[in-house]
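A short worksheet on the structure shown next.
What follows draws every value from the coordinates through simple rules; no lab data is involved. This is a predicted model, so every value here is computed, not measured. Neighbour counts are summed over all protein chains in view; Cβ atoms, including those assigned to glycine, are modelled from backbone coordinates with ideal geometry.
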Amino acid sequence: MFSLTIIDHVRLDSEHIAQNYTVHARAAERLVGLVSAFRIAIAILLAAAICTAIGNMMFPGRNSQISAIAAVTLAFVGYSIYVVLGLEARLYAHRSFSHRLWLVSERYRSLLAEVNDSIVDGPEVLRRRDELIHDVHALYEFSFGVDQAGHESFRLPVLPDERAA
């Protein structure tokens, strides 16, 4: 077997939190681009809908009416997809979660530095480690909705049984 000291445990937890921070910060970064693309697309579709509606008023006819209806429908469908996907809520959830993970990660690093400088003793290390574990658990408890991925697949290794599937 192997032996694991309290300090090793704190280091492992610290690395784990830092990895999760990176995963969620990258997820937020990816979502920013997607949110921006959707917003631009919706703005373009709405501009097209306005132009076709104005064209319909200036040059009434069946073709301009069909164009106006098609443009408004496309704008509505685009906006509906954007709302249903809940991209902004996901973006804010990942961004907020990564910021809170960063704070806990800094507290882990602070504890490790204090241990390295012999500022804290054994019982204090245990107390602060347990406090940090509790804080991390509280972060994960309510951070994401049931429909949002926790991104554990980025962090966990693929098992041989999963490769076959």
Legend entry - Net charge of neighbours whose Cβ lies under 11 Å from the Cβ of GLU131, counting Lys and Arg as +1 and Asp and Glu as -1: +1
Inset, instruction - Express in nm, to one decimal, how much length is gained between VAL83 and ILE69 on full extension, taking 0.36 nm for each residue of separation and deducting their alpha carbon distance. - result: 3.0 nm
Inset, instruction - Please give the length that would be gained between CYS51 and ILE119 if that part of the chain were fully extended, namely 0.36 nm times their separation in residues minus their C-alpha to C-alpha distance (nm, one decimal). - result: 17.6 nm
Legend entry - Gain on full stretching of the segment that runs from GLU141 to TYR92 - 0.36 nm per residue minus C-alpha separation: 16.0 nm
Inset, instruction - Could you tell me which of GLN19, VAL115, VAL32 has its Cα farthest along the dipole of the stretch 1-126 towards the positive end, charges placed at Cβ (Lys, Arg +1; Asp, Glu -1), taken about the Cα centre? - result: VAL32
Legend entry - Label-point separation in nm, ILE133 to ARG30, each point 7 Å along Cα→Cβ: 3.1 nm
Inset, instruction - Go ahead and collect, in residue order, the members of the stretch 1-44 whose backbone nitrogen is under 19 Å from a label point 7 Å along the Cα-Cβ direction of GLU106. - result: 14-26
